[in-house]
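The values are calculated or read from the model by the stated rules, or taken from the named source; none is laboratory data. Owing to the predicted nature of the structure, the values given are computational and were not obtained by experimental measurement. Reconstructed Cβ throughout: ideal geometry from the backbone, glycine too, with neighbour counts over all protein chains shown. Ligands, DNA and RNA are excluded from the accessible area calculation, which covers all protein heavy atoms including side chains. Shrake-Rupley method; radii C 1.70, N 1.55, O 1.52, S 1.80 Å.
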Amino acid sequence: MKKGKQGRRAQDNLLSSININGKQQQQNQPPFSSQQNTHSSPRNPQKSKVNVSIPPKPDVGSSYSNTQIEEKVEEKGKSINTINPKQEFHFHEVVKDVVDVSRLLEELSLVDEEFQLSEEQLNINDQLQEYEIMAMEAIYGDNVTILRREGSQRSFQIHIPFETPDELTISAKLCVSNVNVVLEEKSTSTTATADLSNEISYSFEVQHLPPVVLTCLLPKSYPSHQPPYFTISIQWLDSLRISKLCRMLDSLWASQPNQEVIHQWAEWLHSSSLPYLEIDKDIILGPYNLPVTGDRRAVSGSVSPEIDIPLLMKYNDEKCYEVFRENLHECCICYSEYTGTEFIRLPCKHFFCRKCMETYSSIHVKERTVHQLLCPDCRGMVPPDILKLLLGNEEFERWESLLLQKTLESMSDIIYCPRCESICLEDGDHHAQCPQCFFSFCSICRLRRHVGIGCVPPGLTLEILMERQSSSQLSEDQKRRELDKINEIISINMILLDSRQCPFCKTAVFRTAGCNKIICKCGKFFCYQCGEAITDSGHFRRGCRLFPREAIYTREQERQPVGAIEIEHPCPICRQTNVKDTNDNHILCQTCQNHYCYLCHRSVRDSFQHFGPSGCQRFTIG
């Protein structure tokens, strides 16, 4: 059979590359016999050479209609082969169903007449195809899916990522009548602008795009005579723009025919496909609802913006999280560097190392401050599934019970039974009945229900209970219970004598030192001087003192030398009392940190200008 110059040159190059390290192959054997070809797929060794005339090669880049394909199939009388279900598939996230794409490639292959090549040329092509597939597997790794490796024709898929700029802005037109789709705002930033028409322009930013899927079917005559049959599948791009990519791959083959071209295709799709489509930093989705036109090899998964937008957001979030897990990051708590796999990433996008989060969570559970178990940065919520991972089963159950208890305590109509400590519901008359022991009691004095009679004061209750302790008619068990009640009333009186009740959770708080701004274990702020809740920063400018008078005197006495002068005067800003213990008239308020002059009672911004020759005197006696 007469070979072309390109095919003969490829054969000679391959034969010369077989001789490695000066080792010659054995004589009297063909260089690609079935005994020596260990890398190629098995073929029938009894197959004889067939020398026939080669039919004319079809034009590169030509597209075929459905009618032409049906006629070719009828002429040959061949049924379209399906993929063998017994083969092993390494499934990835696919853009189009593998069987449908493979069936389309089978249809395209039936259109062309088969080249009748010699056995020697078939072995050369088979060896080159095997080497090329091995090279693609080495380069792209798990992104290569082998659909068929043995048999008449090889087929495989390559998931090729796009080379994108740092950020891409994707825009789409949403109809007003269809804006009922829920778009989750995750790591992408979104913007929606309304037009005067019935459409809304919706845009968001991503860093990663779903890959292009190149599916190839290698004929027996590749690469010596024919290019591979291929399809390009992109989920978010329309078929017209994908058709441009198909024509570009055809031109790459036409520029250097009879050579391996798949790697060149893959590299071009990775680095040059977006610039070729004039996509820089903005992508406009659509158009939608148009008839299917263009190249049949262009497979588009774009259906509607309601489907494409969530898919692009989800893929971008997954890739961002994958990149996050691979890189090094610094913990904002311990300032140590770890890989992303050692970090806990919260829904608010703040992340901290696992060790710090485990310690942080355990401390709040042990101290029963579960309402403060929030994000250390923005005070956002920590999901229960992350807490279960951090705490373990035992501490997580304790967290659940404490959270339930704190939630019930925050409800004004929930109280506990004085007998069995069960949860009870209070009615409008301050009465409740326990669902467990059926004890009906008053929610104010926690004694037996007394309709129409006022509650007994705690002092009178204490006197009655103490008198009953000397009675001989009570059983020992009854005396023990009443003695516990006496101790409880005495403890409450002692606590209330030197403490304040939180206006939110009614917990008694005792201040040992510090200012009058108290933070309760429920996480709320209140004033220790007046007992009211603090809602803004101006509470201590309306009468209450931030620091008690005795605390100010104690601090100033520790600072002043023996025999110093003590003069009390208020700050002109916050009206808090300060003590002048030296001759310096430049005073720093210990409450609001404001600088002011003792003589004129004005704020001092520049001490050199205020206490200058024309200003106040800096040092005076008294």
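Can you find a residue that is within 49 Å of the chain's Cα centre (by Cα) and aliphatic (A, V, I, L, M) anywhere in segment 433-453? Reasoning before the result, please.
Step one: filter segment 433-453 for residues within 49 Å of the chain's Cα centre (by Cα), giving 433-437, 443-444.
From the residues that got through so far, the ones that are aliphatic (A, V, I, L, M) too are 444.
Looking for residues that are within 49 Å of the chain's Cα centre (by Cα) and aliphatic (A, V, I, L, M), one finds at least one in segment 433-453, hence yes.
Would it be correct to say that Cys455 is in a loop (DSSP other than H, G, I, E, B), outside the structural domain of Lys388 (by the TED database) and modelled with pLDDT of 80 or more?
On the way: in a loop (DSSP other than H, G, I, E, B): yes; outside the structural domain of Lys388 (by the TED database): yes; modelled with pLDDT of 80 or more: no.
For Cys455, the condition - in a loop (DSSP other than H, G, I, E, B), outside the structural domain of Lys388 (by the TED database) and modelled with pLDDT of 80 or more - is not met.
Can you find even one residue in segment 395-402 that is modelled with pLDDT under 90 and surrounded by 12 or more Cβ atoms within 10 Å (Cβ to Cβ)?
Yes, segment 395-402 has at least one match.
From the set of residues in segment 565-581 that are surrounded by 15 or more Cβ atoms within 10 Å (Cβ to Cβ) and more than 52 Å from the chain's Cα centre (by Cα), which is modelled with the lowest pLDDT?
Initially, segment 565-581 is screened for residues surrounded by 15 or more Cβ atoms within 10 Å (Cβ to Cβ), giving 571-581.
The next check asks that each one be more than 52 Å from the chain's Cα centre (by Cα); those that pass are 579-581.
On the way: Val579: 72, Lys580: 74, Asp581: 68.
Going through the qualifying residues, I end up with Asp581.
Conditions tested, residue by residue: (1) open to solvent by less than 40 Å² (accessible area, probe 1.4 Å); (2) modelled with pLDDT under 80; (3) closer than 27 Å to Leu237 by Cβ; (4) not polar (S, T, N, Q).
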position: Leu108; (1), (2), (3), (4): yes, yes, yes, yes
position: Glu113; (1), (2), (3), (4): no, yes, no, yes
position: Ile146; (1), (2), (3), (4): yes, no, yes, yes
position: Phe156; (1), (2), (3), (4): yes, no, yes, yes
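Taking the residues in segment 464-482 that are under 60 Å from the mean Cα position of the chain (by Cα) and open to solvent by 80 Å² or more (accessible area, probe 1.4 Å) as candidates, determine which candidate is nearest to Cys445 (Cα to Cα). Even if it seems obvious, please write down each step before you answer.
Taking segment 464-482 first, the residues under 60 Å from the mean Cα position of the chain (by Cα) are 477-478, 480-482.
Now narrow it down to the ones that are open to solvent by 80 Å² or more (accessible area, probe 1.4 Å): 480-481.
Details: Arg480: 20, Arg481: 16 Å.
The qualifying residue nearest to Cys445 (Cα to Cα) is Arg481.
Test of understanding: among Glu409, Glu394, Glu367, Glu421, which residue is acidic (Asp, Glu) and at positive phi?
Numbers: Glu409 fails: at positive phi; Glu394 fails: at positive phi; Glu367 fails: at positive phi.
Residue meeting the stated conditions: Glu421.
Could you list, in sequence order, the residues of segment 508-529 that are exposed (fewer than 14 other Cβ atoms within 10 Å of the Cβ) and assigned to a loop (DSSP other than H, G, I, E, B)?
Within segment 508-529, Phe510, Thr512, Ala513, Gly514 qualify.
If a residue counts only when it is of a type in the set (A, V, I, L, M, F, W, C), which strands (runs of 3 or more DSSP E) contained entirely in segment 295-402 have at least 3 such residues? Step through it out loud before you land on a result.
Working: elements: 298-300, 328-330, 337-339, 343-345, 351-353.
Those strands (runs of 3 or more DSSP E) span 351-353.
Can you work out which of the residues in segment 349-368 that are over 20 Å from the mean Cα position of the chain (by Cα) and open to solvent by less than 20 Å² (accessible area, probe 1.4 Å) is nearest to Arg325 (Cα to Cα)?
Filtering segment 349-368 for residues that are over 20 Å from the mean Cα position of the chain (by Cα) and open to solvent by less than 20 Å² (accessible area, probe 1.4 Å), the one nearest to Arg325 (Cα to Cα) comes out as Ser361.
Which members of segment 589-614 meet the condition of being under 26 Å from Ser537 (Cβ atoms), surrounded by 15 or more Cβ atoms within 10 Å (Cβ to Cβ) and modelled with pLDDT of 80 or more?
Cys589, Asn594, His595, Tyr596, Cys597, Tyr598, Val604
Return yes when Gln617 is open to solvent by 70 Å² or more (accessible area, probe 1.4 Å) and closer than 26 Å to Cys515 by Cβ and no when it is not.
So Gln617 does not fit the description; no.
Residues in segment 245-288 that are surrounded by fewer than 17 Cβ atoms within 10 Å (Cβ to Cβ), closer than 30 Å to Ile200 by Cα and in contact (Cβ under 8 Å) with a residue 12 or more places away in the chain: how many?
9
Answer yes or no: is there a residue in segment 315-322 that is closer than 20 Å to Pro210 by Cα, of a type in the set (Asp, Glu), open to solvent by 60 Å² or more (accessible area, probe 1.4 Å) and not assigned by the TED database to the domain that holds Met136.
Step one: list which residues in segment 315-322 are closer than 20 Å to Pro210 by Cα, which gives 315-322.
This time we only want the ones that are of a type in the set (Asp, Glu), so: 317-318, 322.
Okay, now just the ones that are also open to solvent by 60 Å² or more (accessible area, probe 1.4 Å), so 318, 322.
Imposing the further condition that a residue be not assigned by the TED database to the domain that holds Met136 reduces the set to 318, 322.
Yes.
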